[in-house]
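The values are calculated or read from the model by the stated rules, or taken from the named source; none is laboratory data. Keep in mind that what you see is a predicted model, and the values were worked out from it rather than measured. Positions of Cβ are backbone-derived with ideal geometry, glycine not excepted, and every protein chain shown enters the neighbour counts.
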Amino acid sequence: MIDILDLIIRETLIAGVPGLTGARIGFQPPDDDWRQRVGASQGVWVNCALVDLREDRHMRQNIRRRITTGAVTVERPEPARIRCHYLITAWNAAKDSPQMPATEQEHMVLGAILAVLLHADPLVASAVLTPDQLASVPEVLREAELPVEVVPPEGFGKLAEFWGTVGRATSWHPAVYLIVTMPVPEADRRIDGVVHTVLTSYQGTPPDGPVEQLADVGGLVLDATAGPGMPPVPVADARVVLLDAAGGEAVRARSGADGRFVVVDVRPGAYTALVTAAGLPPPAPTPVQVPGSPDALIELRFT
């Protein structure tokens with residue numbers, strides 16, 4: 001994920017700083033190897049060193065969502081928000097001389113970087129990446145607005161320590177201190193087995209925020225139209241709708257190949273379940289209470 005943020009920063013600088021190319025932007029520490037790399041080339045190079053990572057606890061959300069596609073249900077937590085701290089410096093391959101104001105050239109590039117980043121809040125991948133580049137970016141990051149802080153007043157507290165550890169031949173350079181906050185999603189976790197009734201989501205962070213308890217409720221759609229003595233069979237692709245007390249649609253789902261379905265993020269209360277499927281007569285509405293008992297399974301039958 002951080003490599004994608006590096007790419008977004010790189011493309012933002014290329015688009016905004018005149019004459020800067022991707023080949024002259026690096027993300028390695030500005031150590032002696034970096035100095036040698038710059039010295040063997042020409043022009044002004046830009047170093048974007050990632051120096052710290054911190055979670056933004058104020059943006060943490062204690063929410064886990066259940067997502068059902070067909071007969072597959074996964075649990076997806078809200079992504080953590082990570083503050084990525086960069087020190088951005090400019091390095092001239094040339095040395096200062098009466099004929100070559102190398103330091104002034106570095107300052108000119110650094111000023112252009114500062115201007116670009118001050119106007120780039122928020123960073124958005126889709127705004128700076130090509131379609132080919134965007135194809136490799138996780139969907140959660142493609143349109144995400146990444147908040148930016150540029151040269152915050154408190155500065156980078158360990159600047160002297162940083163320059164003291166990147167090589168004896170490396171001189172102190174002025175730096176643009178950049179902080180970008182990005183989401184880092186966890187992988188979806190597939191929920192195996194039969195879903196009955198599971199309390200799922202909390203809107204807010206107990207005990208400080210407002211709390212709303214929701215539930216996921218599993219069910220089964222069966223075709224019992226064959227008559228007495230014949231076992232009912234599962235109905236695939238049946239449309240299930242829960243109506244609230246006012247008769248409005250509260251939530252919907254479709255059954256999978258095994259006839260099972262899950263309705264997610266349902267508020268507690270009394271509902272009426274309706275089910276329809278191609279070629280089958282709609283049965284009478286079924287009353288449903290949410291949450292039911294932990295082992296309660298909504299069973300809907302065509303008869």
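I'm trying to understand the selection: among the residues of the stretch 243-272, which are acidic (Asp, Glu) and in a strand (DSSP E or B)?
Glu249, Asp265
Within the stretch 7-30, work out how many residues are of a type outside the set (A, V, I, L, M, F, W, C), surrounded by fewer than 17 Cβ atoms within 10 Å (Cβ to Cβ) and either at negative phi or not assigned by TED's automatic domain parsing to the domain that holds Val128 (or both).
Here the count works out to 5.
Step by step: first the residues of the stretch 161-183, then only those that are of a type in the set (A, V, I, L, M, F, W, C) and at pLDDT below 90, then the one that is surrounded by the most Cβ atoms within 10 Å (Cβ to Cβ). Which residue is that?
Val166
Any residue at all in the stretch 80-91 that is modelled with pLDDT under 95, touching a strand residue (DSSP E or B) at 6+ places or on another chain (Cβ under 9 Å) and of a type outside the set (A, V, I, L, M, F, W, C)?
Yes, there is a match, as at least one residue in the stretch 80-91 is modelled with pLDDT under 95, touching a strand residue (DSSP E or B) at 6+ places or on another chain (Cβ under 9 Å) and of a type outside the set (A, V, I, L, M, F, W, C).
What residue, among those in the stretch 1-35 that are outside any helix (DSSP H, G or I), free of Cβ contacts under 8 Å to residues at least 60 places away in the same chain and of a type in the set (Val, Ile, Thr), is nearest to Val150 (Cα to Cα)?
Applying the filter and picking the extreme gives Ile25.
Before we move on, is Val137 of a type outside the set (Lys, Arg) and either outside the structural domain of Val44 (by TED's automatic domain parsing) or at pLDDT 95 or above (or both)?
no
Considering only residues that are among the hydrophobic types (A, V, I, L, M, F, W, C) and either modelled with pLDDT under 90 or under 33 Å from the mean Cα position of the chain (by Cα) (or both), which ones fall in the stretch 262-287?
Within the stretch 262-287, Val262, Val263, Val264, Val266 meet the criteria.
Give me a count of the residues in the stretch 83-112 that are farther than 21 Å from Val166 by Cβ and in a strand (DSSP E or B).
So the answer is 3.
Among what's in the stretch 92-127 and is of a type in the set (Ser, Thr, Tyr) and more than 19 Å from Gly22 (Cβ to Cβ), pick the residue that is modelled with the lowest pLDDT.
Ser97
From the list Val38, Val46, Val51, pick out the single residue that is at pLDDT 75 or above and part of a helix (DSSP H, G or I).
Val38
Only one of these conditions is not met by Asn62: (1) part of a loop (DSSP other than H, G, I, E, B); (2) closer than 30 Å to Arg189 by Cβ; (3) modelled with pLDDT of 80 or more. Which number is it?
(3)
Quick one: which residue in Ile25, Ile4, Ile9, Ile14 is in contact with a Pro (Cβ under 9 Å, 6 or more places away or on another chain) and not basic (Lys, Arg)?
Step by step, each of Ile25, Ile4, Ile9, Ile14 is checked, and only Ile4 is in contact with a Pro (Cβ under 9 Å, 6 or more places away or on another chain) and not basic (Lys, Arg).
Tell me, yes or no, whether the stretch 146-156 has at least one residue that is free of Cβ contacts under 8 Å to residues at least 24 places away in the same chain, small (Gly, Ala, Ser), surrounded by fewer than 15 Cβ atoms within 10 Å (Cβ to Cβ) and within 30 Å of Met59 (Cα to Cα).
Checking the stretch 146-156: at least one residue is free of Cβ contacts under 8 Å to residues at least 24 places away in the same chain, small (Gly, Ala, Ser), surrounded by fewer than 15 Cβ atoms within 10 Å (Cβ to Cβ) and within 30 Å of Met59 (Cα to Cα).
Among the residues of the stretch 286-303, what is the count of those that are in a loop (DSSP other than H, G, I, E, B) and either exposed (fewer than 14 other Cβ atoms within 10 Å of the Cβ) or in the same structural domain as Glu75 (by TED's automatic domain parsing) (or both)?
Qualifying residue count for the region: 4.
Starting from the stretch 102-119, keep only residues that are within 19 Å of Ser41 (Cβ to Cβ), then list their pairs with residues that are among the aromatic types (Phe, Trp, Tyr) whose Cβ atoms are within a distance under 8 Å, requiring at least 6 positions of separation or different chains.
Hits for this filter: Glu106/Trp91.
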